[in-house]
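The values are calculated or read from the model by the stated rules, or taken from the named source; none is laboratory data. From a predicted model like this one, the values you see are computed outputs, not experimental measurements. Here the Cβ is made from the backbone with ideal geometry for all residues, glycine too, and neighbour counts use every protein chain on show. For accessibility, only protein heavy atoms count, side chains too; no ligands or nucleic acids. Shrake-Rupley method; radii C 1.70, N 1.55, O 1.52, S 1.80 Å.
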Amino acid sequence: RFRETQEALADLEARLDQRFSVQRSGFEQQLSHVERKLDVANHLKPTIESLQGNVRRLEASWVRIVEWDVRVNEEELTESGQVWVESGEFAAASLAGLRLKLSVSQRKRDGTF
């Protein structure tokens, strides 16, 4: 009986070793796959960061037109012959703190300003 128990135990150990060997092999393959993906991701990181910088520069260059509605004080223009108007601050092309300035001069009858 002892021998039968030893044989059964040995058979059980062999089956467990085989089953765990298959599972270990599967885990090792999955781990290897994940490691390869991480290697690729680490290799591509500088390229991705460079592309993100390029996209930011492209987005910044999209704004090419700024519309500004301005009203000139006609009385001031008539009195002084010149008016300066400045817009409020705005952002465009990824630049902040921009202002538009307009100078209007009235011509004299002789064609000079």
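Output the residue which, of all residues in region 79-97 that are in a strand (DSSP E or B), at pLDDT 90 or above and more than 18 Å from LYS108 (Cα to Cα), is least open to solvent (accessible area, probe 1.4 Å).
Top of the filtered list is VAL85.
Would you tally the residues in region 1-38 being open to solvent by less than 90 Å² (accessible area, probe 1.4 Å), of a type in the set (A, V, I, L, M, F, W, C) and modelled with pLDDT of 85 or more?
Residues flagged as open to solvent by less than 90 Å² (accessible area, probe 1.4 Å), of a type in the set (A, V, I, L, M, F, W, C) and modelled with pLDDT of 85 or more within region 1-38 amount to 5.
Could you please tell me which pairs satisfy a Cβ distance under 7 Å, a separation of 6+ or placement on different chains, a first residue in region 99-113 that is more than 27 Å from VAL66 (Cβ to Cβ) and exposed (fewer than 10 other Cβ atoms within 10 Å of the Cβ), and a second residue that is at pLDDT below 90 and not hydroxyl-bearing (Ser, Thr, Tyr)?
Listed by first residue and then by second, the contacts come to ARG107/PHE113.
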